[in-house]
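Only the coordinates and a few stated rules stand behind these numbers; no lab work does. None of these values were measured; they are calculated from a predicted model. FYI the Cβ positions are ideal-geometry reconstructions off the backbone, even for glycines, and counts take in every protein chain you see.
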Amino acid sequence: MSFAGFRHRRAIEAPSTGELFRSLDRLVDSMTMGRLLIFLLIAGAIGLAMTNRVSLHSLDLRSTGTRIEGRSVILSTAQLEAHFSQVGRVEESYMLFGGDSHQRRNQLSHAVLAGLAIPYARSIAARYPDFHLCKSRGAPESQRLVESMNIVALDRSTRATLIEALALFEDRLQSGGERTCLHLHGSQLILDSVYVSENGEDISNRVLPTFAAVRFVLADQASIEDCTALLR
């Protein structure tokens, strides 16, 4: 079965990507320089865009900046430190419909994924075998069920797998090849607080409302899977 299909719009609309991270960057800079008004103006005009793709070869994988303290997950970056709570387990396979990995000074995750859970994909495929194509009658249903996730990788191996899966997704999409599926094992996360790394200032009240609708997942394991076999 060939999966040369459509990209999912939510991957582009995800509020945690692109311009949102640029606004966080400006927030930290403005606080350091004492120009808080800059952030207030920027916050009202945040756009939704994907971040630039980062290749595995250009990414520094020596450290993910992720550490676990009990039920808390802390992600440290050059500019920000994000604190999350683990609120439930995640173990599911997804058919990828979009995504991006990013390396920014203010990143609050290691990758953004748009994926269709395999149980949904299998159900739709039983009725619309060509659901992965834009022209299929099953395409609208698939698009509605695709989930956007911001992934925090526990370690270098998991982060490398995320990058590899997204690169494979892009390559197959361009060549008209089969879809890419990814299995995730980890925890559902809630973003609790965000601090400026340089001085420890708590900026949670400015950042958390922007991320209120964003789903975060801690991935302690990830593996690339064969979509065709999963849909049987």
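Table for the structure above
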read-out: Cβ-derived FRET efficiency at R0 35 Å, residue 85 paired with residue 123, nearest 0.05; value: 0.65
read-out: Sorted peptide list for 164-174, 193-203, 106-116, criterion being average Cβ within 10 angstrom, highest first; value: 106-116, 164-174, 193-203
read-out: For the range 128-188: rounded, prolate or oblate by the Cα gyration tensor [a/c cutoff 1.5]; value: oblate
read-out: Projected label distance in nm at residue 202 and residue 190, using a 7 Å step from Cα toward the beta-carbon; value: 1.6
read-out: Distance between modelled label sites at residue 130 and residue 226, nm, 7 Å Cα→Cβ extension; value: 2.5
read-out: Neighbour net charge for residue 230 - beta-carbon separation under 13 angstrom, K R +1, D E -1; value: -1
read-out: Shape of the range 72-131, Cα gyration tensor, a/c cut at 1.5; value: oblate
